[in-house]
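Since the structure comes first, as structure tokens, the remarks are kept for the end.
Bear in mind these aren't lab numbers, they're just calculated from the coordinates by the rules spelled out. It should be emphasised that the depicted structure is a prediction, and the values quoted were computed from it without experimental measurement. Counting neighbours? That spans all protein chains shown, and the Cβs are built from the backbone with ideal geometry, glycine included.
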Amino acid sequence: MATAAAGVAASLTALTGRDFLSSADFSAEETAALLELASQLKSGERRIDLGNRVLGLIFTKASTRTRVSFSVAMTRLGGQTVDLNPSVTQLGRGEPLQDTARVLSRYCDALAVRTYAQQEIVDYAHWSTVPVINALTDLEHPCQALADFLTMREVHGDLAGQTLAYIGDGNNVAHSLMLCGALLGVNVRIGCPEGFEPLSGILDQARSLAQQGASIEVLSDPVEAVRGAQAVYTDVWASMGQEEEQHEREQAFAAFCLDQELMGHAAADAIVLHCLPAHRGEEITAEVMEGASSRIFDQAENRLHAQQALLAAVLGGL
Ligand code: CP
Ligand code: NVA
């Protein structure tokens, strides 16, 4: 036991000063160690005071959970956040990213960035001298995946060999679930309509990262994707930035609504997950969302615990 605890501690220490731009940026051991720390922080077994550190939030897209959970996580760690929404900074008036990132690094101890292009956070990480965290891009949502697997671990225990089925668009959330799931030894099945598959490069990357024989599959039949799974997950059909495709997507995804009938093909003790915000009656029925299997609001809470662990680790508070 002492050896396992030492392994977790060493993995967490290795995260000091690191960026988190992709679920694939951390190793399998580091990802598992973060979930363990998050669980200890949640239960109160562990308390961490970072001593007045500051996290800058640069959010180009709307956010409730990510923004508030980062802010509360910093407060609980004895620090604070500064809201650097581009509409109220000189970024919105065209100040170059390379200047903004270097200046903000002089004031803040870490930056959490939510934007469209993944390249933009890669550029932030290049120019910043402090850790940069991906708070959602069009490509990935790695902080979300940490909370998702923390939730699955709380219900089903050891994640290795469990199966998570994701039904819907092969989007940012799906990409991070594939990569993070692969690292944790979880079988990940993506059930999506033709033309809305995850990127093949992410699929290849997830398969190459897969631990303990985990399989990463993309299926066009939602029933086959869900069959026997321990967790069934869905997300909106049109992500932020795709609003004009809403109508076309409603037609393409009509057979991919997570309803009771589809849940009937999952394991008897399967849980329902959704990153939120949700559109009841589109990707998920109100019945499933509010049903006994739903862990959606525990999952939303876990954003706080997972990000508190992440911040403590990258800010070197351990
Ligand atoms: N799930 C999630 O990232 O929610 P917000 O967009 O509200 O941050
Ligand atoms: N895929 C969604 C997730 C929102 C948290 C989006 O990018 O809008």
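Numbers below:
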quantity	calculated
Residue in region 272-288 that is away from ligand 1 (no atom under 16 Å from the Cβ), over 24 Å from residue 133 (Cα atoms), of a type in the set (Val, Ile, Thr) and assigned to a helix (DSSP H, G or I) present	yes
Residue identified as farther than 15 Å from residue 270 by Cβ and part of a strand (DSSP E or B) among 217, 197, 245	217
Verdict on residue 160 being among the aliphatic types (A, V, I, L, M), crowded, with 19+ Cβ neighbours inside 10 Å and in contact (Cβ under 8 Å) with a residue 24 or more places away in the chain	no
Residue check for residue 45: acidic (Asp, Glu), under 22 Å from the mean Cα position of the chain (by Cα) and surrounded by fewer than 19 Cβ atoms within 10 Å (Cβ to Cβ)	no
Output for region 65-75, where each listed residue is more than 13 Å from ligand 1 (Cβ to nearest atom) and surrounded by fewer than 18 Cβ atoms within 10 Å (Cβ to Cβ)	75
